[in-house]
Amino acid sequence: MRHGQGFDLVFQEWLRIAAQPAPDRAEPAPGFDRYEPMFDYQPSELLDDPASGVALPDLLAMLARLATQMHVGALKVAGSVGRVPAGYTYLGQFAIHDLVNTASFRTTLDRNLPRRQFGSIQSAALDLASLYGGGPAGSPAFFEPTDETEHRARFRLGWMRDSSGDPARLGQPTRQEDIPRLALGPDVGAAPGDKRFDPLLADTRNADNLMISQLVVLMMKTHNRLYDAAHRLAADGRAHSRLFARPFEAARCILTAIYHRILREDFLPRILPDAALPVLDTPAPAAGVRLEAALAVLRFGHAMVQPVYDFSAVHSAGGPSGQARLERLMDFFGMHPTRDLPADDTWVIDWSMFLDPLPGADRPVRMNRARPFGPTIAEPLRTHAATRIAPPAELPALAGHRLGLGWRTMAKGVMARLPTGQALARRLVQAGRINAGDVVPTDALERMLRAGRTAGCIGERCLTEADIAFLAQRSPLFFYILAEARHFTDGDKLGPVGGLIVAETFASGLVDPGFGGEVSLRTAATALWQELYPSGPAMPATMAELVAFAAG
Amino acid sequence: MNDSQTNDAPDMTGSLTKDEVIAILSQDYALDCTQSDPSLLMQVPDSAAFARFGRLILKMALGELDPARVPEPVMREVLDDIGIPIPADWAIRFQPRPPKTFIAMYPGADMALAAICRFRQPGGDYPMPPQYGDWLSGSSGMTEEQFYEFRVGDYTLSYCR
C-alpha cells in the first residue's frame with residue numbers, strides 16, 4: 001500500500017471523536033496509539049491543548065497555512081542545495097520504512113495487540129524485513145522459481161525495455177534493472193484495458209518513487225550475487241563454514257551486515273550532529289520506536305527531497321530529456337497512469353549522480369544533493385496525486401487550501417497527541433539528555449516563520465502574524481525539528497532534539513541480533529565474506545562501494 | 001564556385017515568394033545534432049513556479065506592477081523566491097507588447113537546435129509540466145483562472161524550450 005492510504009477515513013473518524021467533549025478525546029485517534037511516547041505529557045504540553053485558546057478546527061487551519069508556507073518556501077532556488085548527496089535521502093527512506101509502519105489498516109495482529117507497544121513488538125530492528133518479506137517460504141512471489149525444483153532463493157527482478165535505437169532490439173525487455181511489477185489486466189482480476197502496474201515488493205512503500213525502487217534493485221542484485229557465490233561454494237564442497245549449508249540465509253546475513261555497516265558508518269554520520277553520534281554505540285535496548293519518532297521526527301527525510309533530479313545520462317540537464325521531475329519519478333509507483341511504464345532503460349539510475357565517488361574516482365559532472373535540513377518541503381509533495389488531500393468538508397476553514405504531505409504529517413501529529421517541539425525539548429533538558437542552550441529560542445522561530453513568507457506565497461494563504469505568535473511558542477514537532485536543524489547547523493545536519501531521537505531509534509534498530517547460533521551477525525557475515533572473497537573486494541562499507549559490488 | 005553549384009545553390013538574398021516560403025516549411029529541418037548542447041535549455045526546477053510567474057506577468061500587463069520601478073536585484077530575488085533561477089550572467093527584461101503588432105520572438109539557433117534534437121535521440125522526450133495532465137484528468141485542484149495564470153507563466157517563460 002502506498003503512503004497515506006486510508007488517511008481520509010481515519011481522519012473522518014477522528015474528527016467525529018474530536019468533536020466530542022474534551023474527556024472523550026483524551027486518547028489518541030485509533031491507529032495512532034501503537035507507539036509509546038517518550039514521556040507522560042501534561043495536556044498543556046500537547047499541540048492541541050484546548051487551554052491554548054485555539055479550537056481544533058482553527059489549529060488545523062493554522063497548520064494548513066504553515067504547511068503551505070513550508071511548501072512554497074521550497075520554491076526558492078537560492079540555498080536549496082545542501083551537503084548530503086541525494087542518494088542518502090532514499091537510503092534514509094528505505095531504512096525508515098524498515099523501522100516504522102503507521103499505516104492505518106493493519107493485520108489481525110492488532111486485535112490482541114497491547115496498546116502503545118507496537119514500536120517494540122513490531123520488528124523495530126533494521127533486519128530488511130521490508131525487502132525479504134516472509135522469505136522464499138512465506139513470500140514466494142518475490143523470489144524466482146528455479147527450473148529444477150521449487151527452491152527459490154534469488155530475488156525476482158523486473159525488466160526494462162531497450163532504448164538504444166537498434167531496430168532489432170527496440171522496445172524488447174533486455175535489462176533486468178527494475179523491481180518486479182505485475183501488469184494489471186483480466187488475468188489478475190483487473191478490468192480489461194487497465195494499464196497500471198502493481199509493484200511486487202514486500203513493502204510497496206519502497207516503490208514510492210524511482211530512486212527508492214532502484215535502491216531496492218541494488219539490494220536485490222547484491223543478494224542475488226551473494227547467493228550465487230554462496231551456492232556455488234557450497235555445491236562445490238569448498239565451504240568451510242557451516243553457515244553455508246543454507247546459502248540463502250548466508251546471503252541474507254551478509255547483506256544485512258552490509259546494510260547495518262552502511263547505515264552506521266556512512267549514512268548516520270552525515271546527518272547526525274556530533275553530540276548525537278556517541279548514542280549509536282550505547283543503545284537503550286528497550287527503546288524501540290517511540291511515538292515522537294514514528295509520527296514526526298523520522299519524517300525529516302521529507303525535507304530532503306528535491307523537485308527535480310539529474311537521474312541518468314538521458315534524464316539529466318545535459319541529456320536530451322532534461323532533468324527528471326519528481327512527479328514523474330513518483331509516477332513509477334505504477335498505480336497512476338503513466339506513459340513511462342513499462343520502463344525503458346533510460347531510467348536505470350546513474351548512482352554516480354546521487355552518491356560521492358569512490359576514493360580515487362573522478363567527481364561526476366553532475367551530482368544531486370539533498371535539500372538542506374530546514375522547514376521547507378518540495379512542492380510536488382503537496383500536489384502529486386499520491387500526496388495531495390482534498391480539504392475535508394467538515395472543516396470549511398481549509399477550503400481552497402492545497403493540502404499535501406506537510407499538512408498530513410502535522411495533522412497526524414495532532415491525531416497522535418504529540419507534544420510541541422518546545423515541550424519535548426524542555427523534557428529532554430530536564431532529563432539531562434540535551435543542554436538548556438539546545439532549545440531553539442522563541443525569537444529565532446519567529447524570525448524563521450516570518451522569513452518563510454516569501455514571494456512564493458503569491459496566491460496562497462501563508463501564516464498570519466497571529467499564527468506566527470502562536471507557533472513560535474507552540475510548534476508542531478515535525479516543524480520544530482526541521483527549524484532547529486536550520487538554527488543550530490545551518491541545515492547541514494539535524495539539530496539536538498531530532499538528532500538525539502534519530503540516533504536512539506537507529507541505535508536500537510542496529511543492535512546486533514546474532515545469526516545462525518552465532519552471537520554476532522557482523523562477525524558471522526565477516527567470516528562468510530572472507531570465505532567467498534578471500535582475495536577481495538572488501539565488504540562494502542559505503543553506498544558507493546555497494547554500487548560497485550552489485551555492478552560486479 | 002563551379003558551374004553546378006551556380007545552378008543548385010539557393011538564393012539566400014532577396015524576398016521570398018509565398019511558394020518559396022511553403023517549400024521551406026514543407027522540408028524537414030536541416031539539423032546537425034552533433035552540435036546540440038542541451039545544457040542551454042534553461043531548467044525551471046519546479047513547475048509550480050509557472051503559476052506565480054503568470055500572476056507577475058498579468059500584474060504587469062494590467063499596469064498594477066511597473067517593472068521599471070523594480071530594481072534588477074529585487075526582481076532577481078523575487079524570481080528566485082518563486083522558483084525561477086535566472087543565471088547570474090543573464091540580464092532581466094520585461095517588455096510590454098505594442099498594440100496591433102504581431103510580434104514573435106524566436107529563440108537563437110543553438111537553443112532551437114538543442115530543443116529539437118532531443119527528440120531525435122533515444123529516450124528524448126518532451127518535458128511536459130504535470131499540471132497539463134492533471135488538468136485534463138480533472139485532478140489539478142486549480143480553478144480556471146489559476147490554470148490560466150499557470151499557462152501564462154509557462155508560455156511566457158518557456159520561449160520555445
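The values are calculated or read from the model by the stated rules, or taken from the named source; none is laboratory data. Note that the structure is predicted; figures quoted are calculated from it, not measured. Don't worry about glycine lacking a Cβ; one is built from the backbone with ideal geometry, like all the others, and counts go over all protein chains shown. Heads up: the accessible areas ignore ligands, DNA and RNA and are worked out on the full protein's heavy atoms, side chains in. Shrake-Rupley method; radii C 1.70, N 1.55, O 1.52, S 1.80 Å.
Heavy-atom accessible surface, probe 1.4 Å, ligands and DNA/RNA ignored: which residues of segment A:424-457 lose at least 50 Å² versus the isolated chain?
Residues of segment A:424-457 that lose at least 50 Å² of accessible area once the other chains are added: A:A455.
Calculate the spin-label point distance for A:A393 paired with A:A466, positioning each point 7 Å from the Cα along the beta-carbon direction, and give it in nanometres.
Going from the A:A466 label point to the A:A393 one covers 2.8 nm.
When the helix-only estimate is applied to chain A (DSSP H runs of n ≥ 4, each -39,500 (n - 2.57), divided by the residue count), what is the mean residue ellipticity at 222 nm, nearest 500 deg cm²/dmol? Kindly include the intermediate steps, with their values, before the conclusion.
Details: 20 runs with 202 residues, N = 552.
The per-residue figure over chain A is -11000 deg cm²/dmol.
For segment A:53-61, in order, what is each residue's ³J(HN,Hα) by Karplus, 6.51 cos²θ - 1.76 cosθ + 1.60 with θ = phi - 60°, in whole Hz (x at glycine and Pro)?
x, 10, 5, 4, x, 5, 5, 5, 5
When the scattering of segment A:193-301 is computed by the Debye formula from its Cα atoms alone, each counted once and equally, what is log10 I(q)/I(0) at q = 0.10, 0.23 Å⁻¹?
-0.49, -1.27
Do you know which residues of segment A:373-388 lose at least 40 square angstrom of accessible area in the protein assembly compared with their chain on its own, with a 1.4 angstrom probe?
Buried on complex formation: A:R388.
Taking H placed 1.01 Å from N in the peptide plane, check which residues at least 5 places from A:R369 or on another chain put their amide H under 5 Å from its amide H.
Hits under the 5 Å cutoff: A:A86.
Per the 1.4 Å probe, what fraction of the accessible area of segment B:18-156, in percent, lies on carbon and sulfur atoms?
On the way: 5130 of 8900 Å².
Solvent-exposed carbon and sulfur of segment B:18-156 make up 58 percent of the total.
5 Å is the cut-off here: which amide hydrogens, built 1.01 Å from N in the peptide plane, fall below it relative to A:I389, excluding neighbours closer than 5 in sequence?
A:L403, A:G404
Any idea what log10 I(q)/I(0) is at q = 0.09, 0.17, 0.18, 0.22 Å⁻¹ for segment B:18-156, Debye with uniform C-alpha scatterers and no solvent?
For segment B:18-156, the Cα-only Debye profile gives -0.39, -1.20, -1.26, -1.38.
Determine the equivalent ellipsoid of the protein assembly as shown by diagonalising the alpha-carbon gyration tensor, then write out the semi-axes as square roots of 5 times the eigenvalues, largest first, rounded to whole Å.
Values: eigenvalues 386, 277, 107 Å².
Over the Cα atoms of the protein assembly as shown, the semi-axes work out to 44, 37, 23 Å.
Please report, as a whole percent, how much of the solvent-accessible surface of chain A comes from carbon and sulfur atoms (probe radius 1.4 Å).
53 percent
Could you state the accessible area per residue of segment B:18-156 in Å², with a 1.4 Å probe and every protein chain left in place?
Working: 8900 Å² over 139 residues.
For segment B:18-156, the per-residue accessible area is 64 Å².
Counting only other chains, what is the mean number of Cβ atoms within 10 angstrom of the Cβ of each residue in peptide A:479-489?
Working: counts 0, 0, 0, 0, 0, 0, 0, 0, 0, 0, 0.
Shielding by partners across A:479-489 averages 0.
Please give the total accessible area that chains A and B bury against each other, computed with a 1.4 Å probe and expressed in Å² to the nearest 100.
Details: alone 22820 and 12230 Å², together 32410 Å².
Summing both chains' loss of accessible area gives about 2700 Å².
Percent relative contact order of chain A, based on C-alpha pairs within less than 8 angstrom and at least six residues apart?
About 25 percent, as a whole number.
Segment B:52-77 to segment A:45-100: how many Å between their Cα centroids?
One Cα centre to the other: 31 Å.
In nm, what is the difference between 0.36 nm times the number of residues separating A:N435 and A:L358 and their Cα-Cα distance? Each step should come with its number before you reach the end.
Details: separation 77, 0.36 × 77 = 27.72 nm, distance 3.77 nm.
In short, 23.9 nm is gained.
Measure off 7 Å from each Cα along the Cα-to-Cβ vector at B:S26 and A:D490, then give the distance between these two points in nanometres to one decimal.
With each label placed 7 Å out from Cα toward Cβ, I get 6.5 nm.
With both bridge residues required to lie in chain A, what share of the DSSP beta bridges run antiparallel, to the nearest 5%? Mind dumping the intermediate values first?
Working: 14 of 15 bridges.
Expressed as a percentage, antiparallel bridges in chain A total about 95.
How much accessible area per residue does chain A have, counting only protein heavy atoms and a probe of 1.4 Å, in square angstrom? All intermediate terms of the calculation are to be shown ahead of the outcome.
On the way: 21520 Å² over 552 residues.
That works out to 39 Å² for each residue.
Summing Lys, Arg as +1 and Asp, Glu as -1, what charge do residues with Cβ under 13 Å from the Cβ of A:E265 carry, A:E265 excluded?
Working: positive: A:R261, A:R264, A:R270, A:R522; negative: A:D266, A:D281, A:E545.
Computed value for this residue: +1.
Points 7 angstrom from Cα along the Cβ direction at A:R246 and B:D19: gap in nanometres?
Result: 8.6 nm between the two label points.
With springs only between Cα atoms under 10 Å apart, run a GNM on chain B and tell me which of B:V78, B:V21, B:V44 wobbles the most.
Per the Cα network of chain B with a 10 Å cutoff, B:V21 tops the list.
For segment A:454-529 and segment B:104-161, what is the separation of their Cα centres, given in Å?
So the separation of the two Cα centres works out to 37 Å.
Nearest 0.05, what FRET efficiency do A:T523 and A:S139 give at R0 = 45 Å with Cβ-Cβ as r? Walk me through the numbers on the way to the answer.
On the way: r = 28 Å, r/R0 = 0.62.
So, using R0 = 45 Å, E works out to roughly 0.95.
Over chain A, how many pairs of lysines fall under 29 Å by alpha carbon, counting only those 8 or more apart in sequence or from different chains? List each step's numbers first, then the result.
Working: A:K76/A:K412; A:K76/A:K493; A:K195/A:K221; A:K412/A:K493.
Within chain A, the lysine pair count is 4.
Search the structure for amide H atoms under 5 Å from the amide H of A:I179, placed 1.01 Å from N in the peptide plane, and list their residues when 5 or more places away or on another chain.
Here the answer is A:G158, since their amide H atoms fall under 5 Å of that of A:I179.
Is there a simple number for the mean count of other chain Cβ atoms within 10 Å of the Cβ of residues in B:114-121, and what is it?
On the way: counts 2, 2, 0, 1, 5, 2, 2, 7.
Averaged over the peptide's residues, the number is 3.
Pick from B:A104, B:A51, B:A115 the residue whose mean-square fluctuation is largest in a GNM of chain B, springs joining Cα atoms under 10 Å.
B:A104
Buried by at least 10 Å² relative to the chain on its own: which residues of segment B:78-97 qualify, computing accessible area with a 1.4 Å probe on protein heavy atoms?
B:V78, B:D80, B:D81, B:I82, B:G83, B:P85
Give me a comma-separated list of calculated 3J(HN,Hα) values for segment B:58-70, in order, Karplus coefficients 6.51, -1.76, 1.60 applied at θ = phi - 60°, integers in Hz, x for any Gly or Pro.
So the Karplus estimates, Gly and Pro as x, are 5, 4, 5, 4, 7, x, 7, 9, 8, x, 5, 8, 10 Hz.
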